[in-house]
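The values are calculated or read from the model by the stated rules, or taken from the named source; none is laboratory data. Owing to the predicted nature of the structure, the values given are computational and were not obtained by experimental measurement. Positions of Cβ are backbone-derived with ideal geometry, glycine not excepted, and every protein chain shown enters the neighbour counts.
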Amino acid sequence: MDVSYRFFNLNTSTSIADDNGRSVRVVLVFSFVMKFLRSHAIEALVKQMKGVTLQWVNDNLNFRWILPYPATWSEKAQQKSQITAN
């Protein structure tokens, strides 16, 4: 299903259907995806750092996450992306 054309008119109540036809808010989907990617990146970092635990990384390292978005996005779309990331 191609929903890319719908993303130009997103708002906080926009919903999409999952594989079973259930309605899910797009903001929740984006939020969960970003949380998963963050978690996956930190876990990959822990695997590369010998002798370091996930707890140590969470307690001792501060990350500044930078989320790029296309230059063609409107200011409103950029703001929605930033809200979702928080």
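Taking interchain pairs and intrachain pairs at least six residues apart, which have beta carbon atoms under 6 angstrom, with the first residue in the range 25-51 and touching a residue at least 40 places away in the same chain (Cβ under 8 Å) and the second β-branched (Val, Ile, Thr) and loosely packed, with under 12 Cβ neighbours inside 10 Å?
27/12
I'm trying to understand the selection: among the residues of the range 58-82, which are over 16 Å from residue 35 (Cα atoms) and either in contact with a helix residue (DSSP H, G or I) (Cβ under 6 Å, 6 or more places away or on another chain) or loosely packed, with under 11 Cβ neighbours inside 10 Å (or both)?
Residues satisfying the conditions are 59, 60, 69, 70, 71, 72, 74, 75.
Name the residues in the range 32-54 that are modelled with pLDDT of 90 or more and either acidic (Asp, Glu) or exposed (fewer than 11 other Cβ atoms within 10 Å of the Cβ) (or both), would you?
Matches in the range 32-54: 36, 40, 43, 44, 47, 48, 53.
Looking at (1) exposed (fewer than 11 other Cβ atoms within 10 Å of the Cβ); (2) modelled with pLDDT of 85 or more; (3) assigned to a helix (DSSP H, G or I), which is the one condition that is false for residue 5?
(2)
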